[in-house]
Amino acid sequence: MALTRPAPHAGRPLTTPTSSPPADEQAGAARCAARLEALLGDPRDPGNPYGRSALWAAGHDGLPAPPAGLPGAGEVPAADQLARALRPLFRRDLALAHAWSIRPLLGTPVPHPAAALLGPAALLASAGGVLRGVARIVDGLSRYEAAARQWRPILASGFADLLACESLTAVALRSCSWPGPDADGPGTSEQGAGESLAAVVGYLVPELVGELLGDLELVLNECGFDAGTVERRTLARVVRDRAFARADWPAASAAQTRIVQGLSAAGGSRPDDGRQLAVLFRITEAASAVAPGADCPWAVAATLAGATARLAGADDADTAALARIGRRLVTEQRALRVACAATTVHDPADPAARALANRQALLVLAAATLGVREAAAGARLPFLGGAGWALLALGRITERLGQPLPDRTPDPQPGVWDELARRASDGVDCDLHATRLLW
């Protein structure tokens, strides 16, 4: 069996070599991922030491040693490509991901820039695997049980949230840079954009994926899958092992505290001294890049205005609706800047300050979603470049901000569900790359 299968949505890379990962770097990460997936073997094989039944029987204290050939930071130095190379491990088991990749990177004298972000990336991969399985169940049931069709919008919405979080995490990973030879020491790589974006990822991913996992449990319960079934046991293990990946509620609260601590600076006047403030989102096979030196996260949020303006005059209804939601979010961004500037020091214990941090994080998520969708459209990626998934994701962000949706907003859920059901049926991952799976 071939170890590498073509991603059905692979597209043409943008011609911006300064901000997009090189083609050979991406290909190398894809090859590492395919090799790792083959090394891990079929998760359904009861004789596979890395299979589902063996890992469940081993528990957390008896996890097997990693196979030779596990991708590492030396082989895949770029943070976003390292996460891509390790994704088969992330999908397989969160405790295993913690023991084999996250803990070693955190334990080095100078932690790898991606170390704090690999946990959320692992949670996204694991949740995507559960979502794909539940979607396959609902798709099968809804063909002859009309009652099962009520779960399609819920799963489609969760898929849109997952893609938005994937976009944000990819942008944050791409903003990481390994300290150069002149670095002063630990912490150098966590300054500026990477530190701010890592806080947003660390807060939002556990929050939104937690909502998704709750929805998946509800769907499985209603479809008659009890606690002893493989699907429920897999879901329960993801929920239980979130702490190993540092992507649980305490981690989210700590990340929110870091966002609160930056609110005063976020509310200050935006510098206009000639420095480059725009954050350029670029995609090569749906991986995002952030321009170096960007003043994040507010520069990221500032791209809402530019991306929204470029949507103006769209012919199709979904893209026109995306522009209307974008304009509403730009207004929300301006109001948030005023609210942040109204207080000199924001206390993380203050519920009002945490509410501001939540609004800021959601706006950064919206900006990342719009940026990834815009770059994917430029690369002519069929689904990711379409407006449907981004419209659904931004609509949910708008509602979470307590704002009503603009009039004449179409319902993109059917199209997003169709993509999710196709991926579940065809063995395609729920990632930005639409990676075809080996097992």
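The values are calculated or read from the model by the stated rules, or taken from the named source; none is laboratory data. Quantities reported herein were computed from a predicted structural model and do not represent experimental measurements. Quick reminder, even Gly has a Cβ in these numbers, built from the backbone with ideal geometry, and neighbours come from all protein chains shown. Accessible surface is based on the protein model in full, side chains and every heavy atom, while ligands, DNA and RNA are left aside. Shrake-Rupley method; radii C 1.70, N 1.55, O 1.52, S 1.80 Å.
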Name every residue in the stretch 411-428 that is more than 24 Å from Ala321 (Cα to Cα), open to solvent by less than 40 Å² (accessible area, probe 1.4 Å) and of a type outside the set (Lys, Arg), in order of residue number. Ala421, Ala424, Gly427, Val428
When restricted to Cys176, Cys165, the only residue open to solvent by 10 Å² or more (accessible area, probe 1.4 Å) and out of contact with any strand residue (DSSP E or B) (no Cβ under 9 Å at 6 or more places or on another chain) is Cys176
Check whether at least one residue in the stretch 16-37 is among the hydrophobic types (A, V, I, L, M, F, W, C), at negative phi, open to solvent by 60 Å² or more (accessible area, probe 1.4 Å) and modelled with pLDDT of 85 or more, and report yes or no. no
Under the condition of being within 15 Å of Ala361 (Cβ to Cβ) and hydrophobic (A, V, I, L, M, F, W, C), which residue from the stretch 323-350 is most open to solvent (accessible area, probe 1.4 Å)? Ala339
I need a count of the residues in the stretch 380-412 that are touching a Pro at 6+ places or on another chain (Cβ under 7 Å) and either of a type in the set (Gly, Ala, Ser) or in the same structural domain as Ala125 (by TED's automatic domain parsing) (or both). 1
Here are Arg132, Arg91: which of them is in contact with a strand residue (DSSP E or B) (Cβ under 9 Å, 6 or more places away or on another chain) and at pLDDT 90 or above? Arg132
Looking at Ala34, Ala73, Ala83, which one is part of a loop (DSSP other than H, G, I, E, B), in the same structural domain as Ile102 (by TED's automatic domain parsing) and of a type outside the set (Asp, Glu)? Ala73
Those residues of the stretch 224-248 that are free of Cβ contacts under 8 Å to residues at least 60 places away in the same chain and aliphatic (A, V, I, L, M) come to a total of 4
In the stretch 102-116, what residues are assigned to a helix (DSSP H, G or I) and either of a type in the set (D, E, K, R) or open to solvent by 10 Å² or more (accessible area, probe 1.4 Å) (or both)? Arg103, Pro104, Leu105, Leu106, Ala116
Suppose we filter the stretch 395-410 for residues that are open to solvent by less than 20 Å² (accessible area, probe 1.4 Å) and over 19 Å from the mean Cα position of the chain (by Cα); how many remain? 1
For Leu392, only one of the following conditions fails: (1) surrounded by 23 or more Cβ atoms within 10 Å (Cβ to Cβ); (2) in contact with a helix residue (DSSP H, G or I) (Cβ under 8 Å, 6 or more places away or on another chain); (3) within 27 Å of Gln81 (Cβ to Cβ). What is its number? (3)
Within the stretch 371-402, track down each residue that is part of a helix (DSSP H, G or I), at pLDDT 90 or above and of a type in the set (A, V, I, L, M, F, W, C). Trp389, Ala390, Leu391, Leu392, Ala393, Leu394, Ile397
Go through the residues of the stretch 116-139 one by one and say whether even a single one is assigned by TED's automatic domain parsing to the domain that holds Thr169 and over 21 Å from Cys430 (Cβ atoms). yes
